[in-house]
1. Within the stretch 42-56, how many residues turn out to be within 13 Å of the chain's Cα centre (by Cα) and either surrounded by fewer than 12 Cβ atoms within 10 Å (Cβ to Cβ) or touching a residue at least 60 places away in the same chain (Cβ under 8 Å) (or both)?
2. In the set 71, 32, which member is exposed (fewer than 15 other Cβ atoms within 10 Å of the Cβ) and touching a helix residue (DSSP H, G or I) at 6+ places or on another chain (Cβ under 8 Å)?
3. Can you find, within the stretch 34-83, the residue that is farthest from residue 97 (Cα to Cα) among those that are in a loop (DSSP other than H, G, I, E, B) and at pLDDT 80 or above?
């Protein structure tokens, strides 16, 4: 294991142990949010450092992470419009990806 994997395992272990001793029943939600944050950052990293096709895939991965985060936070704090925002992101994100990829491939006016 490299240093990044060991650091990630240590962070998750600290969160689980702290959640257990502080009697946080939903500490698994915080672990999920941290995992989503890592997914969003890695998607954005792929978006900025790779080619056009990989950047579209990275943007889609980051978008799915953001939408899932909206769903989790909306259910945690009972904010009803967060689920609407997540659904709009999940519906319009792939459409935008297809439009952008078609635009890069040769234009929309065909």
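1. Selection size over the stretch 42-56: 0.
2. Values: 71 fails: exposed (fewer than 15 other Cβ atoms within 10 Å of the Cβ).
Answer to the selection: 32.
3. If we filter the stretch 34-83 for residues that are in a loop (DSSP other than H, G, I, E, B), which is where we start, we get 50-51, 78-79.
Still in the list and also at pLDDT 80 or above: 78-79.
Working: 78: 30, 79: 28 Å.
Checking each candidate, the answer is 78.
The values are calculated or read from the model by the stated rules, or taken from the named source; none is laboratory data. Just so it is clear, the model here is predicted, and its values are computed rather than measured. Don't worry about glycine lacking a Cβ; one is built from the backbone with ideal geometry, like all the others, and counts go over all protein chains shown.
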